[in-house]
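*Asks:* Have a look at this one.
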Amino acid sequence: MSEKQVSPAVKIALEFGPVFAFFVGYITTRGQSYMIGGTEYDAFILMTAAFIPVMGIATFALWKLSGRLSRLQLVTLIMVVVFGGLTVWLNDERFFKMKPTAVYSIFAILLGIGLARGQSWLELVMEGALPLTHDGWIVLTKRLAIMFAAMAIANELVWRSMSTDAWVNFRTFVLPFALFVFFMAQAKVFERYKPASEK
């Protein structure tokens, strides 16, 4: 299937909609618990159970509309299914809270392995989505690997030391905003390492 253009608004809605839906669902049901099949589940567990298929549907819709999925999107979906599934199966919210740590750690490690081999696997994953020279991709990859590692550490610190409410707010708003600010802060890299054909 060839790649197709998708409206930026639709792409953002499909990528961040499930996370926001989880936030709204949790906020409106927190503090409640439900007895299902003789087992008591709190709102966080049930919202996690709902989040898994919603994330799967959104990812499938993005694939149908665009004709492709990035490796990052696939890894994220797999981690949602694995950690979300463990959360529901074991009735233990800690697994879902660990999911961002696992995702960001995997990304940081993979980017680091590529850099150790003198390659920017970010460039391969993004497939020319940004106009950068190879040196520019190396610089951006180094910085993003560090950023992912920092986000993994931050997630661990928050979920282990703060309330579930605090973690849900952190996951929904702080982590995406931090990544947005990171890319905005790379303006000088994009300008300095712009290919000659783009200047």
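The values are calculated or read from the model by the stated rules, or taken from the named source; none is laboratory data. Small disclaimer: the values here were computed from a predicted structure and weren't measured. Heads up, the Cβs are rebuilt from the backbone with ideal geometry, glycines too, and the neighbour counts pull from every protein chain shown. Side chains included, ligands, DNA and RNA excluded: accessible areas come from the protein's heavy atoms. Shrake-Rupley method; radii C 1.70, N 1.55, O 1.52, S 1.80 Å.
*Asks:* Can you name the helices of the chain, as whole DSSP H runs, whose Cα span along the helix axis is 30 Å or more and whose Kyte-Doolittle mean is not below 1.0?
*Replies:* The answer, listed by residue number, is 8-29, 43-66, 94-116.
*Asks:* Further, regarding this structure: For Rg/Rh (Cα atoms, Kirkwood Rh), one of [x] 0.95; [y] 0.93; [z] 1.01 was computed from the structure I shared and the rest are decoys. Which label?
*Replies:* The listed entry that was calculated here is [z].
*Asks:* Okay, moving on. Ignoring ligands, DNA and RNA, please state the percent of accessible area on region 1-98 from carbon and sulfur, probe 1.4 Å.
*Replies:* Carbon plus sulfur share of accessible area: 68 percent.
*Asks:* Can you pull out the GluC sites (Glu not before Pro) in region 1-108 whose DSSP state is coil and whose Cβ has at most 15 other Cβ atoms within 10 Å? Display every interim value, and only then the final one.
*Replies:* Working: sites: Glu3, Glu15, Glu40, Glu93; in loops: Glu3, Glu93.
Listed in order of number, the matching sites are Glu3.
*Asks:* Whole Å is fine, so just give me how far the alpha carbon centre of region 105-136 lies from that of region 1-80.
*Replies:* 26 Å
*Asks:* Accessible area per residue, 1.4 Å probe, Å², for the chain: what's the number? Walk me through the intermediate numbers first.
*Replies:* Values: 11090 Å² over 199 residues.
I get 56 Å² per residue for the chain.
*Asks:* Share of region 140-199's accessible area from carbon and sulfur, percent, 1.4 Å? Could the numbers behind the result be given before it?
*Replies:* Values: 2380 of 3550 Å².
The value for region 140-199 is 67 percent carbon and sulfur by accessible area.
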